[in-house]
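Enquirer: For reference, the structure I am asking about is given below.
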């Protein structure tokens, strides 16, 4: 009954959106700084989905007694560090009050200076590299960090998988995979790790798999983009990799599930959200996606939820909280109150520390069920 | 023996990728032989062939999609020559090369627009993408087939060039453009034929390459294209066997360099990773510069004299 | 040719440049990044960098007839040299997060400790010159073997060198110097350039890059108008005739190559300054191609052409045509056609049209002053004809 009710609610809200678009409310703009193309394009699109869904549910916000329509303004950073500053500038020039994103740490680091110079606050959604917020006053984030995630994964590899030698694969110049590998190696032990980086535009992952086999590793850690992941999984299957593959939050995506379905590869990931933790939310967003062909296509063609989508959803509400607390649409006012904003999201409680990072101390570990093509819950991991 | 066993997988995968480069390189070497033009767009035609397959295979059965892809790729190659190179026949060489770069830019941007900049997964072609086991090593069948298929196609091409009328015309044109024109050879026809053969082989190459590495992005063609061109220069531009041998050497070198750290560690030569894999692409260019400086005509190229 | 020998012309040019710089300085104060016109500043910043890069490429490709495709490599050298030597000491460890930084001093910081604000400016200047010198030195080394090669072999060899340079800078063993393949940031960058006069802070974030580009382009104009410039053009028009006239081919080709690379290095450093990051991965051959297309757009062999070409290129791709990507352009709404990437398609079609039908580009081999002069003398210039 509760589910039906929530469905009806969602429907009513969708209809209400159509109506409210005609209302003459002032507009507050939230910038969406996400990759829509390039290596991380698919992941970026999934993260945006969460924000769009949240925007459908809550299209208005009350700021200092006035009701504002929330408009999402998009800029494609093309997963490329050199395009990021200009993409950020287009958002700033279009008059956004604050910015959400990005998927992929490198582009966030690259753009942090631009946001800083303009004094526009930004909330990172899933950029986990410590450098995003360190030394930048305007960048905040709602996800956990690489030192935490790397340690969780290393402990999992050692204790649960019984691994003694790890093969780590990152993309050259990519701060997400590079950072995560770095902290994984720190926790796992430098001497027990083989660390390699592949250049951009690599199509041949078979040699890296051969390298891992030849060096006698017993776990394959490759927290790379989902594009590369699909190919690595395919090659791991043809070449009979013979060791589990381990990755971070980006791999919690239906791209991976599709690639792994029917193969003989063991895949474990750490992530922010376990589907089923909030059934009402799951139902609502799936209903929305299934009735919105563009959204469904952006999610990769099915309604399997990616953790980044859920994070995008939470980020939107954090942004609204910040606007409410600021009582103004001026970026400077938002920036001032942002450190003290808290929010109880679908992925857990969100609050910021002194640096602007989220206070999060747990991650979910999931394993890919290659028969059914779904994620199986393994454990909640914390670090002492 | 142990050293051989660890090295073998790299060599086999290198031979395979070398065969794929060879099929692209022939297009470069033939066009350069006749027009003295580095056809920068050739690698992108190869990428477009890959994308066409992605979209066609989604709606057509493979036995229709494969011939159609080859046909459309050939048509694309033909059109590019007619639209972008033919009007510039009398222009300086630099203009034609800039036009080629422009076509390459256009094809990449079109691909970016159509795919939305996302990676497209290449359809699995049954049989050739099946998993097989040779010398105790697991790989896909395409890896083993590629070199043989390449050699068969090249042998057929050499026959065509040596024993048919159009082949003779091609040889004549590549030897002396103006004189052969005076001798009544229809230059435009010969050039079109060259582009058709070149793009046909690139289309076949793309099927093999993307079956092996099943992800197509707008820039997928750029690096393989450059490497194939280097292979053509390495073998001696204008020489088909030279291009093929050059391509195999580059393919093997690239693959071995990617695994060199591992080979050295396993055999006890070094203790830890030194990141030599970073140079897997760059090494191709090192080879290029060495050959250009010491033997500019390539391994099998003929000495040409410049006239005032 | 931009005439500088004639005294009156030189004065006019000087006044124009001064007024132009004054205008940029004023714009820098009037427009804030959060304004609608904020994009204008970005276009001016990036446009001036690319104008310098295009003009320096034109010096080589247009004036000397050496078809080189190694520009991105030299810009990379410049960007890295500049970035490495201007990262403040306290940010070093944060930037080199995976390595132990080997170089631990920042030229602007050291100098400002002794000389204050002027020291910072001087330090930035020294770092820029150093960036150019490193690129020039590398050009000299590369030029020794490759400048003997003929047109398209030279193109592919220089392209190859650029790729090799990029790989070397990404090598993890050089991490303590280059930060491996990771990006460099926190160095002296345009957004932080401020002039403090009597308590009021004046922004220089657009003025400085434009000033650098203007000064460098003026220097290149002076070179082109010197005896060296005339020798370059003789080589371009007919190598053998030039040699017969007593021009030392090897020497002049090398001078052109090294000079062009020096300015490419400065352009790379300025690009880093503007983008506030430097990463080897961004300096791919695609960057060289783009600069080449700017040169072609403006007209090979015209300096004002290159400047106009690159400003148009940057303004169109970063600003005016943005609507083509986001569903709405010139009031037409068509989200299905105007989606991501359409801008670049339209753009590349325009470029192909220029390449095929307007081979001389916007300016041909003329310069801006020529256009004014021509009107006085003869019938309207025939331009843009293939």
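The values are calculated or read from the model by the stated rules, or taken from the named source; none is laboratory data. From a predicted model like this one, the values you see are computed outputs, not experimental measurements. Note that each Cβ is placed from the backbone with ideal geometry, even for glycine, and that neighbours are counted across all protein chains shown.
Enquirer: Go through the stretch B:111-143 residue by residue and tally those that are more than 8 Å from chain A (Cβ to nearest Cβ), more than 21 Å from the chain's Cα centre (by Cα) and buried (at least 20 other Cβ atoms within 10 Å of the Cβ).
Expert: 2
Enquirer: When only residues in the stretch B:277-301 that are more than 20 Å from the chain's Cα centre (by Cα) and surrounded by fewer than 21 Cβ atoms within 10 Å (Cβ to Cβ) count, which is nearest to the other protein chains (Cβ to nearest Cβ)?
Expert: Filtering first and then ranking leaves B:293.
Enquirer: Being out of contact with any strand residue (DSSP E or B) (no Cβ under 6 Å at 6 or more places or on another chain), within 22 Å of residue C:86 (Cα to Cα) and modelled with pLDDT of 85 or more: is that true of residue C:143 here?
Expert: Working: out of contact with any strand residue (DSSP E or B) (no Cβ under 6 Å at 6 or more places or on another chain): yes; within 22 Å of residue C:86 (Cα to Cα): no; modelled with pLDDT of 85 or more: yes.
Taking the combined requirement at face value, the residue does not satisfy it.
Enquirer: Related question: Somewhere in the stretch A:300-321, is a residue surrounded by fewer than 16 Cβ atoms within 10 Å (Cβ to Cβ) and over 19 Å from the mean Cα position of the chain (by Cα)?
Expert: Of the residues in the stretch A:300-321, the ones surrounded by fewer than 16 Cβ atoms within 10 Å (Cβ to Cβ) are A:301-302.
Retained after the next criterion (residues that are over 19 Å from the mean Cα position of the chain (by Cα)): none.
Taking every residue of the stretch A:300-321 in turn, none turns out to be surrounded by fewer than 16 Cβ atoms within 10 Å (Cβ to Cβ) and over 19 Å from the mean Cα position of the chain (by Cα).
Enquirer: If we scan the stretch C:8-31, do we find a residue that is modelled with pLDDT under 90 and not in a helix (DSSP H, G or I)?
Expert: yes
Enquirer: While we're here: Examine the stretch B:46-58 for a residue that is outside any helix (DSSP H, G or I) and either over 28 Å from residue C:289 (Cα atoms) or over 11 Å from the mean Cα position of the chain (by Cα) (or both), and state whether such a residue exists. Even if it seems obvious, please write down each step before you answer.
Expert: Just the residues of the stretch B:46-58 that are outside any helix (DSSP H, G or I), to begin with: none.
Among the residues of the stretch B:46-58, not one is outside any helix (DSSP H, G or I) and either over 28 Å from residue C:289 (Cα atoms) or over 11 Å from the mean Cα position of the chain (by Cα) (or both), which makes the answer no.
Enquirer: Further question on the same structure: Given the criteria within 17 Å of residue A:275 (Cβ to Cβ) and surrounded by 14 or more Cβ atoms within 10 Å (Cβ to Cβ), does residue A:365 qualify?
Expert: yes
Enquirer: For the stretch A:48-71, does any single residue satisfy the condition of being within 14 Å of chain B (Cβ to nearest Cβ) and in contact (Cβ under 8 Å) with a residue 12 or more places away in the chain? Steps first, answer last, please.
Expert: Kept after step one, since they are within 14 Å of chain B (Cβ to nearest Cβ), are these residues of the stretch A:48-71: A:48.
The next check asks that each one be in contact (Cβ under 8 Å) with a residue 12 or more places away in the chain; those that pass are A:48.
So far as the stretch A:48-71 goes, yes, one or more of its residues are within 14 Å of chain B (Cβ to nearest Cβ) and in contact (Cβ under 8 Å) with a residue 12 or more places away in the chain.
Enquirer: Still on this structure: Can you say whether residue C:137 is away from chain B (no Cβ under 14 Å), under 29 Å from residue C:88 (Cα atoms) and at pLDDT 90 or above, as far as the supplied structure shows? Full working, then the answer.
Expert: Details: away from chain B (no Cβ under 14 Å): yes; under 29 Å from residue C:88 (Cα atoms): yes; at pLDDT 90 or above: yes.
It is true that residue C:137 is away from chain B (no Cβ under 14 Å), under 29 Å from residue C:88 (Cα atoms) and at pLDDT 90 or above.
Enquirer: Within the stretch B:204-227, how many residues turn out to be away from chain A (no Cβ under 14 Å) and under 24 Å from residue C:156 (Cα atoms)?
Expert: Matching residues across the stretch B:204-227 total 0.
Enquirer: Can you tell me which residue within the stretch A:203-223, out of those that are assigned to a loop (DSSP other than H, G, I, E, B) and within 22 Å of residue A:249 (Cα to Cα), is nearest to the other protein chains (Cβ to nearest Cβ)?
Expert: Looking only at the stretch A:203-223, we keep the residues that are assigned to a loop (DSSP other than H, G, I, E, B), and these are A:203-205, A:215-218, A:222-223.
Keeping just the survivors that are within 22 Å of residue A:249 (Cα to Cα) gives A:205, A:218, A:222-223.
Details: A:205: 8, A:218: 15, A:222: 14, A:223: 15 Å.
It comes out as A:205.
Enquirer: Suppose we filter B:54, B:103, B:96 for residues that are surrounded by 16 or more Cβ atoms within 10 Å (Cβ to Cβ) and touching a strand residue (DSSP E or B) at 6+ places or on another chain (Cβ under 8 Å); which single one remains? Walk me through it before giving the result.
Expert: Working: B:103 fails: touching a strand residue (DSSP E or B) at 6+ places or on another chain (Cβ under 8 Å); B:96 fails: touching a strand residue (DSSP E or B) at 6+ places or on another chain (Cβ under 8 Å).
Residue meeting the stated conditions: B:54.
Enquirer: Among the residues of the stretch A:240-255, write down those that are under 20 Å from the mean Cα position of the chain (by Cα) and either assigned to a loop (DSSP other than H, G, I, E, B) or buried (at least 24 other Cβ atoms within 10 Å of the Cβ) (or both). Can you show your working first?
Expert: Looking only at the stretch A:240-255, we keep the residues that are under 20 Å from the mean Cα position of the chain (by Cα), and these are A:245-255.
Correct list: A:245, A:246, A:247, A:248, A:249, A:250, A:251, A:252, A:253, A:255.
Enquirer: Within the stretch A:73-95, restricting attention to residues that are at positive phi and either buried (at least 22 other Cβ atoms within 10 Å of the Cβ) or free of Cβ contacts under 8 Å to residues at least 12 places away in the same chain (or both), which residue is nearest to the chain's Cα centre (by Cα)? Even if it seems obvious, please write down each step before you answer.
Expert: Of all residues in the stretch A:73-95, those at positive phi come to A:78-79, A:95.
Add one more test, that the residue is either buried (at least 22 other Cβ atoms within 10 Å of the Cβ) or free of Cβ contacts under 8 Å to residues at least 12 places away in the same chain (or both), and what stays is A:78-79.
On the way: A:78: 16, A:79: 13 Å.
By that ranking, first place goes to A:79.
Enquirer: Is the stretch C:36-44 home to any residue that is away from chain A (no Cβ under 14 Å), assigned to a helix (DSSP H, G or I), within 18 Å of the chain's Cα centre (by Cα) and at negative phi?
Expert: Looking only at the stretch C:36-44, we keep the residues that are away from chain A (no Cβ under 14 Å), and these are none.
Checking the stretch C:36-44: not a single residue is away from chain A (no Cβ under 14 Å), assigned to a helix (DSSP H, G or I), within 18 Å of the chain's Cα centre (by Cα) and at negative phi.
Enquirer: Follow-up. Right, residue B:150: in contact with a helix residue (DSSP H, G or I) (Cβ under 9 Å, 6 or more places away or on another chain), closer than 21 Å to residue B:245 by Cβ and away from chain A (no Cβ under 14 Å) or not? Don't jump to the end; show me each part of the working.
Expert: On the way: in contact with a helix residue (DSSP H, G or I) (Cβ under 9 Å, 6 or more places away or on another chain): yes; closer than 21 Å to residue B:245 by Cβ: yes; away from chain A (no Cβ under 14 Å): yes.
It is true that residue B:150 is in contact with a helix residue (DSSP H, G or I) (Cβ under 9 Å, 6 or more places away or on another chain), closer than 21 Å to residue B:245 by Cβ and away from chain A (no Cβ under 14 Å).
Enquirer: I'd like to verify a number: residues in the stretch C:158-178 that are in contact with a strand residue (DSSP E or B) (Cβ under 9 Å, 6 or more places away or on another chain) and either over 30 Å from residue C:254 (Cα atoms) or more than 9 Å from every other protein chain (Cβ to nearest Cβ) (or both), how many?
Expert: Within the stretch C:158-178, residues that are in contact with a strand residue (DSSP E or B) (Cβ under 9 Å, 6 or more places away or on another chain) and either over 30 Å from residue C:254 (Cα atoms) or more than 9 Å from every other protein chain (Cβ to nearest Cβ) (or both) number 2.
Here's the yes/no breakdown for (1) part of a loop (DSSP other than H, G, I, E, B); (2) touching a residue at least 60 places away in the same chain (Cβ under 8 Å); (3) within 14 Å of chain A (Cβ to nearest Cβ); (4) farther than 22 Å from residue B:94 by Cβ:
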{"site": "C:281", "(1), (2), (3), (4)": "no, yes, yes, yes"}
{"site": "C:287", "(1), (2), (3), (4)": "no, yes, yes, no"}
{"site": "C:292", "(1), (2), (3), (4)": "no, yes, no, no"}
{"site": "C:297", "(1), (2), (3), (4)": "no, yes, no, no"}
{"site": "C:300", "(1), (2), (3), (4)": "yes, yes, no, no"}
{"site": "C:305", "(1), (2), (3), (4)": "no, yes, no, no"}
{"site": "C:309", "(1), (2), (3), (4)": "no, yes, no, no"}
{"site": "C:312", "(1), (2), (3), (4)": "no, no, no, no"}
{"site": "C:316", "(1), (2), (3), (4)": "no, no, yes, yes"}
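Enquirer: How many residues are in contact with a helix residue (DSSP H, G or I) (Cβ under 6 Å, 6 or more places away or on another chain), at pLDDT below 90 and more than 8 Å from chain C (Cβ to nearest Cβ) if we restrict to the stretch B:78-97?
Expert: The qualifying residues number 1.
Enquirer: Still on this structure: Considering (1) away from chain C (no Cβ under 12 Å); (2) touching a helix residue (DSSP H, G or I) at 6+ places or on another chain (Cβ under 8 Å), say which one residue A:200 fails and leave the rest.
Expert: (1)
Enquirer: For the stretch C:242-258, which positions are free of Cβ contacts under 8 Å to residues at least 24 places away in the same chain, out of contact with any helix residue (DSSP H, G or I) (no Cβ under 7 Å at 6 or more places or on another chain) and either assigned to a helix (DSSP H, G or I) or surrounded by 17 or more Cβ atoms within 10 Å (Cβ to Cβ) (or both)? So that I can check it myself, show each step before the final result.
Expert: Initially, the stretch C:242-258 is screened for residues free of Cβ contacts under 8 Å to residues at least 24 places away in the same chain, giving C:242-249, C:251.
Adding the requirement that they be out of contact with any helix residue (DSSP H, G or I) (no Cβ under 7 Å at 6 or more places or on another chain) leaves C:244, C:246, C:248, C:251.
Of everything in the stretch C:242-258, those that are free of Cβ contacts under 8 Å to residues at least 24 places away in the same chain, out of contact with any helix residue (DSSP H, G or I) (no Cβ under 7 Å at 6 or more places or on another chain) and either assigned to a helix (DSSP H, G or I) or surrounded by 17 or more Cβ atoms within 10 Å (Cβ to Cβ) (or both) turn out to be C:244, C:251.
Enquirer: Would you check if residue B:155 is part of a helix (DSSP H, G or I) and over 23 Å from residue C:344 (Cβ atoms)?
Expert: When the stated conditions are applied, residue B:155 passes them.
Enquirer: Hey, residue A:140 hits all of (1) at pLDDT 90 or above; (2) surrounded by 24 or more Cβ atoms within 10 Å (Cβ to Cβ); (3) closer than 21 Å to residue A:229 by Cβ; (4) under 21 Å from the mean Cα position of the chain (by Cα) but one; which does it fall short on?
Expert: Result: residue A:140 fails condition (3) only.
Enquirer: If you don't mind, another one. State yes or no: is residue B:257 within 11 Å of another protein chain (Cβ to nearest Cβ) and free of Cβ contacts under 8 Å to residues at least 12 places away in the same chain? Give the derivation first.
Expert: Details: within 11 Å of another protein chain (Cβ to nearest Cβ): yes; free of Cβ contacts under 8 Å to residues at least 12 places away in the same chain: no.
Judged against the criteria, residue B:257 is not a match.
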